[in-house]
1. Work out the charge dipole of region 119-204 with +1 on the Cβ of Lys and Arg and -1 on the Cβ of Asp and Glu about the Cα centre, then indicate which of MET128, MET190, MET202 is farthest towards its positive end.
2. If each of SER60 and VAL193 carries a label point 7 Å out from its Cα toward its Cβ, how far apart are those two points in nm?
3. Of ALA333, ALA187, ALA375, which has the largest mean-square fluctuation in a 10 Å C-alpha GNM of the chain?
4. Scan region 221-287 for trypsin sites (Lys or Arg not before Pro) in coil per DSSP, keeping those whose Cβ has at most 16 other Cβ atoms within 10 Å, and list them by number.
5. Would you mind working out the magnitude of the charge dipole of the chain relative to its Cα centre, with +1 at each Lys and Arg C-beta and -1 at each Asp and Glu C-beta, to the nearest 20 Debye?
6. Specify the residue with the greatest mean-square fluctuation among THR105, THR295, THR63, computed from a Gaussian network of the chain linking alpha-carbon atoms under 10 Å apart.
7. Considering amide H positions built from the backbone, and no H for Pro or chain starts, which residues 5 or more places from LYS210, or on another chain, come under 5 Å of its amide H?
8. Filter the chain for me: DSSP H helices, axial length by Cα at least 18 angstrom, mean Kyte-Doolittle hydropathy not below 1.0. List them by residue number.
Amino acid sequence: MSPGAVAITGVGCVCAPGNNLPECMESLFRGERNFGAPTRFVSDNAAAFPVFEVADDLASLETRNTPVISRTGMLSLKAAFEAIGDSGLDRESLRSKRVGVCMGTTVGCVMNNETFYRAYLKGQDPDMADITRFLQSNPAAVVAREFDLTGPCQTIVNACSSSTDAIRTGTLWIKSGICDIVLAGGADEMSHVACTGFASLMITDSSPCKPFDRDRKGLNLGEGAAMVVLESEGVRRMRRKGARAFVLGSGASCDAYHLTAPHPDGRGLRRALGEAIASSGVETKEIAFVNAHGTGTQDNDRVESGVLRDMLPGVPFLSTKGYTGHTLGAAGAIEAVFTVACLERGRIPKSAGFSNPDPQLGVSPAEREMEIRGAVAVSESLAFGGHNGVLVLVMGGGPT
C-alpha cells in the first residue's frame, strides 16, 4: 500500500435508492430508479421535471445535541450515524481523538424557506425561528455539535465538486497530522430554488435522465448525503480495524473558462485526473472502472467522455446519477461511497438511462451489470465554475 494512502474505515449513505448504503446498492443492482414529482414544494414550471427524493422523512432520527435544523443537516447526521457505526467507533471513542469534520454542500447553505421571504417582503413580521434554524444548520457544524467534536470543522461550497473536495481535504488533514480521524462527506436537500434555477438554464430533462446517451436532454435533481470515516494508520492499527478502502490519490483543478460550461477540451479535468493518478502511484492499466460525473447534459457528457477516451482508453465507466439524480454538493461523496461498495462486490451496475450510443462521443458507459477486474477505481466530479475533483480509491482489507 502506498505510504500516502488514507484509510476509509466506515461509510454511510442516504439518497433516493435507499436509506442506507446496503439498501442503495441493492436498488442499483436491481436497476431501480425511484423518481417522481417533487413532494416538498409545488413547482410552477410549465413542464414537470422529475426529481429523486429521499423517502425517509428523518423524523425518527434520534439525536442528542441537535436543535431544530434544516433537512440538509438531518441528512448529514443520517449518513454520519451510519458511517460511524460502520467504523466501529462511538461517541466516547471519538471524543478521545483529534477528530475533524469536513462537509460539502451547495443549496444546503441557502435558507430554503420561501414562506419567510414572502412574509418579510409583504411587510409582515415572520417568525425568526426560520432564521435560527438556518444559522444552526451548517452541515459540518451540525455533525461536530452532535458528536461533541472539537477538531477542525469546515464546510466546502464548491458547486458539484464540493464533497469530493471535502474528502480530499480530509485526507490532507490526516496526512499532515492535524487529525487522527476525519468525518468527510456531503449533503444537499431538494430545493425549489435549485429546481427552478436549473430549469431556467434549460439543462433539465422532463423524463428520467440519460447520461452519455445519444438522446440525452439534461439532468434530474436529487437529494441525499454520504459520509466516510477517514482514519490515520496509527489509530487504525491501535484499534486493529480493517479498512473498507483507501484513498490512494486525489486531484483538483479549475478550468478557468466559463461560469457553467466545462472547457471544450476538458483541460481542467485532464489535469485533475492526471494529478490523482500520479499521486496514487498506480498505472492506468490497474484501474478497474470509473464512476463518472455523468450528468446527462450535452456539454458535460461530451467533455467527460472525451477525457476518459483519451486518458483511460478501454476502462469501463458508468454514471450513477440515473439512480440518484444530481445531488449537487452531495454527489461526489455519494459516488465515492458507491465506488467503494462496487469494488467490494467486484461488480458495477449498468449505467441507468443509457440505451443508445452517441457516435460523437466515441465511447459508451456500461450497458449492463458487469464484473470488474482489479481493486482500483476512480470517482470524479465536474462542477459549475470549472471546478474538477478526482479521487483514486482502492479496496481495503484487514489491519496491517
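1. Going by the Cα projections, it comes out as MET202.
2. 3.2 nm
3. Maximum fluctuation in the GNM of the chain, among the listed residues, is at ALA375.
4. Those that pass, being in a loop and sparsely packed, are ARG240.
5. I would put it at about 780 debye.
6. Residue with maximal mean-square fluctuation among THR105, THR295, THR63: THR63.
7. LYS217, GLY218
8. 331-345
The values are calculated or read from the model by the stated rules, or taken from the named source; none is laboratory data. Remember, it's a predicted structure, so these values are computed and weren't measured experimentally. FYI the Cβ positions are ideal-geometry reconstructions off the backbone, even for glycines, and counts take in every protein chain you see. Side chains included, ligands, DNA and RNA excluded: accessible areas come from the protein's heavy atoms. Shrake-Rupley method; radii C 1.70, N 1.55, O 1.52, S 1.80 Å.
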